[in-house]
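K.L.:
Before I ask anything, let me first share the structure, which is written out below as structure tokens.
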Amino acid sequence: MTFKGRPRVVITGLGAITPVAHNAEDTWQALLAGRSGVGPITQFDASKLPCRIAAEVKGFRAEDYLDLKDGRRMARAAQLAVGAAQQAVVDAGLSMPVADPERVGVLIGTGIGGFEKGCEGMEAYRQRGLRGVGPFTLISALANMPAYHAGSHVGALGPLSTVVAACATGTQAIGEGAEWIRRGSADVVIAGGVEGLIHPGSIAGFAAMRALSLRNDEPERASRPFDKDRDGFVVGEAAGIMVLERLETAEARGARIYAEVFGQSSCAEGYHPAAPHPEGAGAVRAMRWALGDAGLAPEAIDYVNAHGSSTPLNDATETLAIKKVFGEHAYSLMVSSTKSMLGHLMGAAGAVEAIACVFSLRDDMVHPTINYETPDPSCDLDYVPNRARKARVEFTLSNSFGLGGQNACLILGKYKG
């Protein structure tokens, strides 16, 4: 079975470890309920920083998925990736280790990977010299380790790669994973994104950019995409993993199919390493290319899962770009931001947001943008404010626009046989 002369790609498994839950289904229910995962930072003493809040994964136990000795040698991002990948494989009804392992690929991205392990190694060297640096310090800091560990724990031996595209990472990894299947490199791809970045270095760096919300006294209200009083994003951590399959492979084993991947895109902003083009040129290009890849008219899209980072500039620019791509249909679209509840998950953001799109397609429900209280004249679309909405959802578009001018979009739709 083909679409536009290429193999069709479907989604058969989901795994997620997020600031509001430790699996995909519970994360979705928390999003529908409008529950925030943002709170005071507990992973280190943030008292000297201007921003002292984050969206942490609470109560995660690496030993639920890993041998304790192996876990100690891994960065937090790798631990989260292994857990979410195992969940997705089990959810897809695949064996572990996977059958026909050479036809199973792994494409898991991260923005920074094992950042904290590198920092620990440098500090150990300063304090104790070479004898203080462990043999796994450098290895555990590498950005490709989450994909390696996830693949090895499920027994995949096919294509293995890592996308590093800042905030667009998870979306691009899923899109490229679909391309592997389209071109015949794999029949099954474990794809998604991960980040474990609640660290003094990352918070300090973003604070120096003046990119973070400073609502330390009301953390659950800090991430407020499209609201007039938004003052910056909230750093989060998570893992979101999907099992992508060639349609024939999924049907042959009687798999449950969540949704179908119809289109994807990635493009360069070509403007500034941190700021969006003032006319939304890169975002426009990415959305139009994704629609072209899917063979869909703009009017076919029912719901846009926005990048919606809660920064003054990005939210207004994304709104403008949506209006340029969709014209009058922009005002009929439902648009909401998962980041209003989970914060900015960086390399995991697009993957977890794509999982939210899958559930929207399954349940004909759209989760809200919480903390939307004061309308902004520059953000005048339907952001599904504060309460989930029951509505027919046939096609979704998920946006991810990242540092370094990395833009990516993903179009998912209901699977109809």
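K.L.:
Could you please give the count of residues in the stretch 23-40 that are among the aliphatic types (A, V, I, L, M) and closer than 13 Å to LEU214 by Cα? Explain how you work it out, then say what you get.
P.N.:
At the first step, the residues of the stretch 23-40 found to be among the aliphatic types (A, V, I, L, M) are 24, 30-33, 38.
Within this subset, residues satisfying the condition of being closer than 13 Å to LEU214 by Cα are 38.
Looking only at that region, the number is 1.
K.L.:
Which residue out of ALA178, ALA150, ALA143 is assigned to a helix (DSSP H, G or I), under 15 Å from GLY113 (Cβ atoms) and under 18 Å from the mean Cα position of the chain (by Cα)?
P.N.:
Working: ALA178 fails: under 15 Å from GLY113 (Cβ atoms); ALA143 fails: assigned to a helix (DSSP H, G or I).
Going through ALA178, ALA150, ALA143 in turn, the sole match is ALA150.
K.L.:
Oh, and also: Could you check the stretch 182-229 and list, in sequence order, the residues that are in contact with a Gly (Cβ under 6 Å, 6 or more places away or on another chain) and of a type outside the set (A, V, I, L, M, F, W, C)?
P.N.:
Passing the criteria: GLY192, GLY193, GLU195, SER213, PRO219, SER223, PRO225.
K.L.:
Looking at (1) assigned by TED's automatic domain parsing to the domain that holds PRO40; (2) touching a Leu at 6+ places or on another chain (Cβ under 9 Å), find the lone condition where MET209 falls short.
P.N.:
So MET209 meets the others, but not (2).
K.L.:
Tell me, which residue of the stretch 295-317 that is among the β-branched types (Val, Ile, Thr) and over 15 Å from GLU269 (Cα atoms) is farthest from the chain's Cα centre (by Cα)? Give the steps one after another, and end with the answer.
P.N.:
Here is the first cut: in the stretch 295-317, the residues among the β-branched types (Val, Ile, Thr) are 301, 304, 311, 317.
The next check asks that each one be over 15 Å from GLU269 (Cα atoms); those that pass are 301, 304, 311.
On the way: ILE301: 20, VAL304: 14, THR311: 18 Å.
The residue in question is ILE301.
K.L.:
If you check ASP91 against the conditions, is it acidic (Asp, Glu) and crowded, with 20+ Cβ neighbours inside 10 Å? Give the steps one after another, and end with the answer.
P.N.:
Details: acidic (Asp, Glu): yes; crowded, with 20+ Cβ neighbours inside 10 Å: yes.
The answer is yes for ASP91.
K.L.:
Is there any pair linking a residue in the stretch 262-277 that is at negative phi and free of Cβ contacts under 8 Å to residues at least 60 places away in the same chain to one that is surrounded by 15 or more Cβ atoms within 10 Å (Cβ to Cβ) and part of a loop (DSSP other than H, G, I, E, B), with Cβ under 7 Å and at least six apart or on different chains, and which?
P.N.:
Once the first residue is at negative phi and free of Cβ contacts under 8 Å to residues at least 60 places away in the same chain and sits in the stretch 262-277, its partners that are surrounded by 15 or more Cβ atoms within 10 Å (Cβ to Cβ) and part of a loop (DSSP other than H, G, I, E, B) give HIS277/GLU269.
K.L.:
If you don't mind, another one. Assuming GLY292 fulfils every condition listed in (1) under 20 Å from ALA173 (Cα atoms); (2) under 19 Å from the mean Cα position of the chain (by Cα); (3) surrounded by fewer than 21 Cβ atoms within 10 Å (Cβ to Cβ) apart from one, which condition is it?
P.N.:
(2)
K.L.:
While we're looking at this one, here's another question. Note down all Cβ pairs under 8 Å where the first residue falls in the stretch 78-98 and is farther than 16 Å from ASP64 by Cα, the second is of a type in the set (Gly, Ala, Ser) and assigned to a helix (DSSP H, G or I), and they're at least six residues apart or on different chains.
P.N.:
ASP91/ALA24
K.L.:
Take the residues of the stretch 227-253 that are assigned to a strand (DSSP E or B), in contact with a Ser or Thr (Cβ under 6 Å, 6 or more places away or on another chain) and of a type outside the set (Val, Ile, Thr): which is farthest from VAL20 (Cα to Cα)? Don't jump to the end; show me each part of the working.
P.N.:
Quick first cut of the stretch 227-253, residues assigned to a strand (DSSP E or B) only: 233, 235-236, 238-246.
Right, trim to in contact with a Ser or Thr (Cβ under 6 Å, 6 or more places away or on another chain) and you get 233, 238, 243, 245.
Cutting the leftovers down to of a type outside the set (Val, Ile, Thr) gives us 233, 238, 245.
Numbers: PHE233: 17, ALA238: 10, GLU245: 28 Å.
Among residues in the stretch 227-253 that are assigned to a strand (DSSP E or B), in contact with a Ser or Thr (Cβ under 6 Å, 6 or more places away or on another chain) and of a type outside the set (Val, Ile, Thr), the one farthest from VAL20 (Cα to Cα) is GLU245.
K.L.:
Then there is this: Does SER185 satisfy the condition of being within 30 Å of GLY292 (Cβ to Cβ), surrounded by fewer than 18 Cβ atoms within 10 Å (Cβ to Cβ) and assigned by TED's automatic domain parsing to the domain that holds PHE44? Step through it out loud before you land on a result.
P.N.:
Working: within 30 Å of GLY292 (Cβ to Cβ): yes; surrounded by fewer than 18 Cβ atoms within 10 Å (Cβ to Cβ): yes; assigned by TED's automatic domain parsing to the domain that holds PHE44: yes.
In short, yes.
K.L.:
Then there's this: Within the stretch 302-337, count every residue that is surrounded by fewer than 23 Cβ atoms within 10 Å (Cβ to Cβ) and among the charged types (D, E, K, R).
P.N.:
Total satisfying the criteria: 4.
K.L.:
Now, a different point. So which of PHE136, PHE115 ends up being crowded, with 19+ Cβ neighbours inside 10 Å and modelled with pLDDT under 90? Quick ask: steps written out before the conclusion?
P.N.:
Details: PHE136 fails: crowded, with 19+ Cβ neighbours inside 10 Å.
Checking each option against the conditions leaves just PHE115.
K.L.:
Determine which member of the set GLY71, GLY37 is buried (at least 21 other Cβ atoms within 10 Å of the Cβ), on the phi < 0 side of the Ramachandran plot and not hydrophobic (A, V, I, L, M, F, W, C). Even if it seems obvious, please write down each step before you answer.
P.N.:
Values: GLY71 fails: buried (at least 21 other Cβ atoms within 10 Å of the Cβ).
Within the list GLY71, GLY37, the selection yields GLY37.
K.L.:
Okay, moving on. Is the stretch 230-246 home to any residue that is among the charged types (D, E, K, R), under 30 Å from GLY205 (Cβ atoms), assigned by TED's automatic domain parsing to the domain that holds ALA55 and surrounded by 24 or more Cβ atoms within 10 Å (Cβ to Cβ)?
P.N.:
Taking the stretch 230-246 first, the residues among the charged types (D, E, K, R) are 230-231, 237, 245-246.
Going one step further and asking which of them are under 30 Å from GLY205 (Cβ atoms), we end up with 230-231, 237.
Within this subset, residues satisfying the condition of being assigned by TED's automatic domain parsing to the domain that holds ALA55 are 230-231, 237.
Applying the additional criterion that residues be surrounded by 24 or more Cβ atoms within 10 Å (Cβ to Cβ) yields 230, 237.
Yes: one or more hits.
The values are calculated or read from the model by the stated rules, or taken from the named source; none is laboratory data. Since the structure is predicted, the reported quantities are computational estimates derived from the model, not experimental observations. A quick note on method: Cβ atoms are made from the backbone with ideal geometry, for glycine too, and the neighbour counts reach across all protein chains shown.
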